[in-house]
Amino acid sequence: MFDKILIANRGEIALRVIRACREMGIASVAVHSTADADAMHVRMADESICIGPPSSALSYLSMPALISACEITGAQAIHPGYGFLSENAGFVQMLEDHDITFIGPRAEHIRIMGDKITAKDTMKALGVPCVPGSEGGVNDVDEAFRVAAEIGYPVIVKATAGGGGRGMKVALDETGLDVAFRSARAEAKAAFGNPDVYLEKYLQRPRHIEIQVFGDGKGRAVHLGERDCSLQRRHQKVLEEAPGPAITPEQRARIGKVCADAVAKIGYSGAGTIEFLFEDGEFYFIEMNTRLQVEHPVTEAIFGVDLVRQQIRVAAGLPMEFHQEDLVINGHSIEVRINAEKVPGFSPCPGRITQYHAPGGLGVRMDSALYQGYAIPPYYDSLIGKLIVHGRDRDEALARLSRALGELIVDGVDTTVPLFRDLLAEPDIQSGNYSIHWLERWLAQHY
Ligand code: ADP
């Protein structure tokens, strides 16, 4: 086992990893930009080291600074959290060259899944069902017309290098496709430096269902059921729950096995998420994320496992602490993402926290790096906390979420907390009856 791990991240996820390290008796190193000198992850880690100025490009994304920080502190491994360098194959390669262990999958798997066209081809060959669409990339608009005529409108043009909901355009007919094709390519080139796009059938009212998988890197893999992340704004998740209210045990077992077998076959190592759209009882693969997800705690809650602990164990060459038959679902869990944003525009709202009180009690987990007097810097993501509840069933989880939101105090900045209080009063949320388009429509009517 490692003696010391460096955490190449900030905010709540850095705390999450520090906590796992501490329980495992591993020393933790926090890295920070000059803007984060007073951040909670710096205070909570055993050691800390400044790696650059506020700009992420010069600090949290600076590979030489992170490698130097490992050499100076003697950290043997890096946990990347999510975002930043968590899905950067070049970084993994560079760490390998410096004899530093990356707590995550091999560079090869990150590279395959980071290119959505290659990811889809790979998954299809492994027997995973995919959204109907083009075979690989689409190079010109005439080819796009041909594919669209075959699969039927509406279609969605997607960037192979896409992420964070960017580089996606929906087209209802040929005229729309002409525009969508050109603008998706332009947006992808500007945002990711790669203009390659592909086409998919645009599903009308699917749910976003993702399967948590975990591999030991030696050909054994399990699945930990699904998360329903259908409540989205601009293709970004807002609330997540597990198990999915619309998924039956049979559907879970079937798609779970397909996913576990697929990652076992490629010798995948560590945590991964296989994302699907789910409509009329069918699953359609859209992409795989080769990292720990923001919403992993809902899975931890219902299975009673610590995913970060397992990531660290597997990276150190130890076996996972569970087999498929040990993984039994207990109750229901819901997470809401608390962002420092001003609703309805959802514009970022950095600033000083004048009062903070975290909710507690049975079945409540608050993952946040906030504290009273903390000044949220304007340079990074607006996620400031995740409130996760666990109950014996969905109704109890909803009641607990409502109760916990009532206890939570975050003063000094605008947050998405009032939005969740409103959402919980909606019959569709109470019954779990929502697709990926529900929230946008509701926001348009109510905000
Ligand atoms: P990103 O990597 O940018 O997050 P994804 O491929 O994961 O992109 O898609 C993000 C979201 O976009 C999905 O959860 C879904 O809401 C929507 N989406 C993607 N593909 C389709 C599709 N074929 N039909 C309908 N909606 C889609």
>> Under 7 Å between Cβ atoms, which residue pairs at least 6 apart in sequence (or on different chains) link something in the range 288-304 that is in a loop (DSSP other than H, G, I, E, B) with a partner that is more than 16 Å from the ligand (Cβ to nearest atom) and among the polar types (S, T, N, Q)?
In response: LEU292/GLN311; GLY304/ASN330
> Given the range 326-397, what strands (runs of 3 or more DSSP E) lie entirely inside it while holding 1 or more residues that are in contact with a strand residue (DSSP E or B) (Cβ under 8 Å, 6 or more places away or on another chain), of a type in the set (Asp, Glu) and farther than 21 Å from ARG16 by Cα?
Replying inline: none
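Let's see how each residue does on (1) on the phi > 0 side of the Ramachandran plot; (2) assigned to a loop (DSSP other than H, G, I, E, B):
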{"residue": "ALA65", "(1), (2)": "no, no"}
{"residue": "ILE78", "(1), (2)": "no, no"}
{"residue": "PHE84", "(1), (2)": "yes, yes"}
{"residue": "VAL92", "(1), (2)": "no, no"}
{"residue": "PRO105", "(1), (2)": "no, yes"}
{"residue": "MET113", "(1), (2)": "no, no"}
>> Residue under question is PRO319, and the condition is that it be under 24 Å from GLU23 (Cα atoms) and either under 24 Å from the mean Cα position of the chain (by Cα) or part of a loop (DSSP other than H, G, I, E, B) (or both); does it hold?
In response: yes
> Would it be correct to say that GLU321 is closer than 29 Å to ILE5 by Cα, among the charged types (D, E, K, R) and in contact with an Asp or Glu (Cβ under 8 Å, 6 or more places away or on another chain)?
Replying inline: no
> Here is a list of conditions, (1) buried (at least 19 other Cβ atoms within 10 Å of the Cβ); (2) within 15 Å of the chain's Cα centre (by Cα); (3) of a type in the set (D, E, K, R), and ASP381 meets all of them except one; can you say which number that is?
Replying inline: (1)
> If only one of ALA262, ALA271, ALA180, ALA191 is within 15 Å of the ligand (Cβ to nearest atom), of a type outside the set (Lys, Arg) and closer than 18 Å to GLY114 by Cα, which one is it?
Replying inline: ALA191
>> If I filter the range 183-193 for residues that are part of a strand (DSSP E or B) and crowded, with 23+ Cβ neighbours inside 10 Å, do I get at least one hit?
In response: no
>> Looking at the range 126-178 only, could you name the residues that are surrounded by fewer than 19 Cβ atoms within 10 Å (Cβ to Cβ) and in a helix (DSSP H, G or I)?
In response: VAL141, ASP142, GLU143, PHE145, ARG146, ALA149, GLU150, ILE151, GLU174, THR175, GLY176, ASP178
>> So, in the range 199-233, how many residues would count as being closer than 14 Å to PHE283 by Cα and more than 16 Å from the ligand (Cβ to nearest atom)?
In response: 1
> Which numbered condition trips up GLN236, out of (1) without any contact (Cβ under 8 Å) to a residue 60 or more places away in the chain; (2) closer than 22 Å to PRO80 by Cα; (3) within 12 Å of the ligand (Cβ to nearest atom)?
Replying inline: (1)
>> What's the number of the only condition in (1) of a type in the set (Lys, Arg); (2) in contact (Cβ under 8 Å) with a residue 60 or more places away in the chain; (3) closer than 20 Å to CYS229 by Cβ that ARG400 fails to meet?
In response: (2)
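Coordinate-derived values only; no laboratory data. Since we're looking at a predicted model, the values are computed, not measured. In this analysis, Cβ positions are derived from the backbone assuming ideal geometry, glycine residues included, and neighbour counts consider all displayed protein chains.
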